[in-house]
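Here's the structure we're looking at; comments come further down.
The values are calculated or read from the model by the stated rules, or taken from the named source; none is laboratory data. On a predicted model such as this, the values are computed, not experimentally measured, just so you know. Surface accessibility is based on the protein's heavy atoms, side chains included, excluding ligands, DNA and RNA. Shrake-Rupley method; radii C 1.70, N 1.55, O 1.52, S 1.80 Å.
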Amino acid sequence: MKSQLQVCHLMDKKQVKLIISNAIASLESESGPASKRQRIDHSNYEGVELFKQLKNFPKTAERFYPGRKVPETDLNFNEGCSTDWRDKMEDLRRRNLYILRNSILSDVMFYVGPEKTVIRAHRLLLAVGSPVFQAMFYGSLPENGSAITIPDVMPDGFQVLLKYLYGDIFTAENESQVFHTWIAADKYCIPKLKEECVSCLMTCRLIPSVIWPLLENSMLCELKEVVDRCKKFLKKDTDICLQEESFLNASVAALSLFLQLDSMNIGEATLIKYLIFWGHFQVSNLKAANLSEAMRPIIKYIRFGALKPDQFCQILSDAKGLMHDSDALAIVMHLVNPLNQSLPKWCCIVSWDRNLMQPAVRDQDEQPKRKRIPDSFFHERDENE
């Protein structure tokens, strides 16, 4: 048999598994069924030398059992091989991520977010990466229970935080997950992870469809550099950003900050039309009782003094109930004779058009159009941005 083995040629791994299965069947037929431990640790077999030779010369299987079909086995019979998962990990980081992903040896369970998503982790590794977790698990008043509820953190952000603590990697995939991660990192005092989030928001390519939620979330998290980047983008691509569906869901705070920009790539009259469209959307979604109530927080930032009388009259015709008749009359009189008639006290006193980039105002009869939102804004950054 040995001489026959030496003349065989090497073949693929699948053939090796087939041969090992045949060898197992041969040994079982001689000494009875092998136990599970014997199958894993083949040093218990008397036919160990046969296994070594069969691994090197796969074609021999056909000579032992011609035409016999034996199920494949996933067991690895390399000499001295260990089935311990630790031996498959190249470094400590991979081992940490492996036990996190498979909940191996976990000793704490979190119910995260409003839906109480279950996430298992390890107290010691969390305490090493966060002073808040250290105080929580090993402080003077440690958490004794095995389950902890975290309602104010989203599961996707908490998962990114755990991967960062276990493996020093940042895995956020979209702007929403980045902000959820920043909130989690802020809660558990992990400044380096917060820096990773800000760096991601500052280097990703901006597109109009996400500029409004990005601006609003940046304001909530007080990320001034990201807010400034959003404002710069809004100045350059104002008209396109106002056409996005996400604009209709913009908050009053985000719109107020936007309307305080000195310059935009849009005429004041067209800007007002978009704002009125936003106001009607708030009314239709029961966020305001009428157009006047919806527009009240932002109307003081509108530059009515920059309009022509016919433009203002057209706006009043399209937006009935926008303001009291006395205020509308005062604005018309100011536009006709600005030297003798002042604007209402609540009205913005700035009287020049924001559109410093375009010489002419767009056609006022053009109705704002809406566009669908793309899936993600994490694309390669535009070099001309």
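To the nearest 10 square angstrom, what accessible area does Glu90 show with a 1.4 Å probe?
Answer for Glu90: close to 150 Å² accessible.
Taking a 32 Å limit on the Cα-Cα distance, which of the listed pairs Lys116/Lys192; Lys194/Lys231; Lys187/Lys236; Lys192/Lys287; Lys224/Lys300 fall beyond it? Spell out each step's value before the answer.
Working: Lys116/Lys192 27 Å; Lys194/Lys231 21 Å; Lys187/Lys236 35 Å; Lys192/Lys287 39 Å; Lys224/Lys300 24 Å.
Too far apart for the 32 Å limit: Lys187/Lys236; Lys192/Lys287.
Just to verify a number: what accessible area does Asp152 come out at with the full protein assembly present, 1.4 Å probe, Å² rounded to tens?
90 Å²
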